[in-house]
1. Rounded to the nearest 500 deg cm²/dmol, what is the calculated helix-only ellipticity per residue at 222 nm for the protein assembly as shown, with -39500 (n - 2.57) per DSSP H run of length n ≥ 4?
2. Leaving out ligands, DNA and RNA, calculate the buried accessible area for the pair B and A with a 1.4 Å probe, summed over both sides, in Å² to the nearest 100.
3. Pick from A:Tyr210, A:Tyr81, A:Tyr277: which is most flexible by mean-square fluctuation in a GNM of chain A where alpha carbon atoms under 10 Å apart are linked?
4. Among A:Thr20, A:Thr298, A:Thr224, whose mean-square fluctuation peaks in a Gaussian network model of chain A (Cα, cutoff 10 Å)?
5. Taking +1 at the Cβ of each Lys and Arg and -1 at the Cβ of each Asp and Glu, which of A:Gly263, A:Leu111, A:Ile151 sits farthest along the dipole of chain A towards its positive end, judged by Cα position relative to the Cα centre?
6. Of the accessible area of the protein assembly as shown, with the probe set at 1.4 angstrom, what percent is carbon plus sulfur?
7. On C-alpha positions alone, give me the angle between the axis of helix A:95-123 and the longest principal axis of chain A, in degrees, nearest 10.
8. I'd like the distance between the alpha-carbon centres of the stretch A:129-170 and the stretch A:258-311, rounded to an integer number of Å.
Amino acid sequence: MGRLIGRRLLSLIFVIFSITFLTFIVGYLAPGDPILVLMGPRRDPQVYNNLRHLYGLDQPWYQQYFNYVGGLLRGHLGISYRYQNRTVNDILGNGVWVSIQLGGTALLVSLLLGIPAGVFSALHQDSWLDRLNMALMLALFSIPSFVLIPILRAVNFFALYQHGLPSLPAAGWGQADNWVMPILVLAAANVGYIARLMRSSMLEVLSQDYMQTARAKGLTQRRTIYVHGLRNALLPVATVIGPALAFLVTGAFVVESLFAIPGIGFIGVQAIGQRDYPVIQGVTVLLAVAVVVMNLVTDMAYIFLDPRIGAEEGA
Amino acid sequence: MTSTDAQMESATRRSAADAQFMLAQRGAPSFWERFAQNRLALTSFVIILLLSLLAIGGPRFYQTDPNYQDYNAINAWPSATHPLGADSLGRDTLARIIKGLRVSLLVALYVELLNIGVGATLGLLAGYFGGWLDMLIARLADMLFAFPGLLFAILVAAIFGQPVTERFGGIGRLLLVAGSLALVSWPLMARYVRGQTLSLKRRDFITAARSVGARDRRLIWRHILPNVAGLIVVSATLDVAAVVVNEAVLSLLGLGIQPPDPSIGQMIRQAIDYLEANWGQVFFPSLALTIIVLSFSFLGDGLRDAFDPQRR
């Protein structure tokens, strides 16, 4: 088990190197001189050289990369090209916390809805309820978020608002009712995904010998399913966290910008419009590293929860 | 090659073809027969052909300018002049969907060309030769896998977007969008093809071919490639469904085709702001997108079943 964890940590270093290097090199290779854009119509060579030096662009690429990683290690994501006196950390500011709240809640909601939906389907295997439920879950999984948003908004407006019923705000952030629609949209794909996985995992556990043993011992049906079945069926669900986070990252850009939520996805999209490369790079590195670290944590948890994994890999 | 060799080879080929023909006669359904039996896949194939025709020939038959603003038709519902209505700037929705369809299908085509040209080729080489080449390609793919979802495509399109558009115009932008989406697609394609090649390499017929003196080049072209072709076609077809949605996401974030030229993602984005005034303007482009995505998914599933009948 120790060796397995060691290998995971080693691959973590490679992955984080990949993320920072590719992110850096894309910005480095970008055509055009950001300093000229920054200076606008002014053409003072002295100022130009000072600015180039300030951003470290007068150094060779490997030195620049070294500086970039050095900054990242100290928690500095760089200086904005758009606002010379603002750091990327400052611009992202509260956005990080907003995105964590949004993404974390969406993940929690998708687990809370997806797991029961999958268990329900498994317990009613091949009935019409199962088929209907799985068709619904497939739809949730495959409808893109930018199609789901107008559907929800249209239902909200035409079915609730226009009839004077209590309705949800179309966009914004801060009030509790602002949370409902974005989180439903962000959770939708993962609910479908988790439910389908949970169904097959539960079905596999239900067919195991130890389930029959438990029943033969005279345990109640409820106790057999929920104590012996569910606990074992839940294990593989730990592995969905990785793909689920990937959905959340792409979803965050769309959902935050369509609902005007000031998270880092929204800030990133604004920075794209302003060609503020360091901010775009900062958002990319933050999101990618967050996903990698979360993946590592779930993998570790998985190893501790299920000792067979460490043993199987011959560690 | 001497003439006897050529004769022998053509004779072998003929006998192989004969065997296949006889097999078909005896009732084992051929690839096309198996494919044609799947109604859903066949219908999807026809729909894709029709959509492609519409994208290519549509502007010639339906001559409304997709960028012309009709101020009497702002957020209009379908009518005789505007069969699918008009958007918030009074532009004809049908004309814009046809133009957007062209963008979606072109981007998908370019992505799959890159996906097959880069991903499948590298996967095949990695699987066949192994060793340091395999290591190198696997590491390269792993580097790209480090970015979740569309993140890397967003980064590349965001940073290169404006300079590329300034220098190469609309077509440059289209190629950039395709290129950045291909960066997300090819590592997966390479992984599939590598796995399949590895398992083929260990099969007896490869050893047999090698033992009669076949070189690497011949082994790859004549023995490996025909056996991974099915996998490549199926994954490329299924990937189109994802690419069309991803292209819409990039357009939605302002990273795709630039206004005023239409793309489906951008049309949806604009129309969402006027949803309460006219939901039809969100509905029609979304419907077009859904039809493309579903058709390619069903076609891909049908092709997979037809290529590999045992899987069912």
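1. Numbers: 26 runs with 446 residues, N = 627.
Using -39500 (n - 2.57) per qualifying helix, the result is -24000 deg cm²/dmol.
2. Values: alone 17670 and 17730 Å², together 32020 Å².
Counting protein atoms only, the buried area is about 3400 Å².
3. Highest fluctuation of the listed residues: A:Tyr210.
4. A:Thr224
5. Checked the options; the winner is A:Leu111.
6. Working: 20310 of 32020 Å².
Taking all protein chains in place, the protein assembly as shown shows 63 percent carbon and sulfur surface.
7. 20
8. 27
The values are calculated or read from the model by the stated rules, or taken from the named source; none is laboratory data. Just so we're clear, the structure is a prediction, and the values are computed from it rather than from any experiment. Cβ atoms come from the backbone with ideal geometry, glycine included; neighbour counts cover every protein chain shown. Just so you know, the surface numbers come from the protein's heavy atoms only, side chains and all, with ligands and any DNA or RNA stripped out. Shrake-Rupley method; radii C 1.70, N 1.55, O 1.52, S 1.80 Å.
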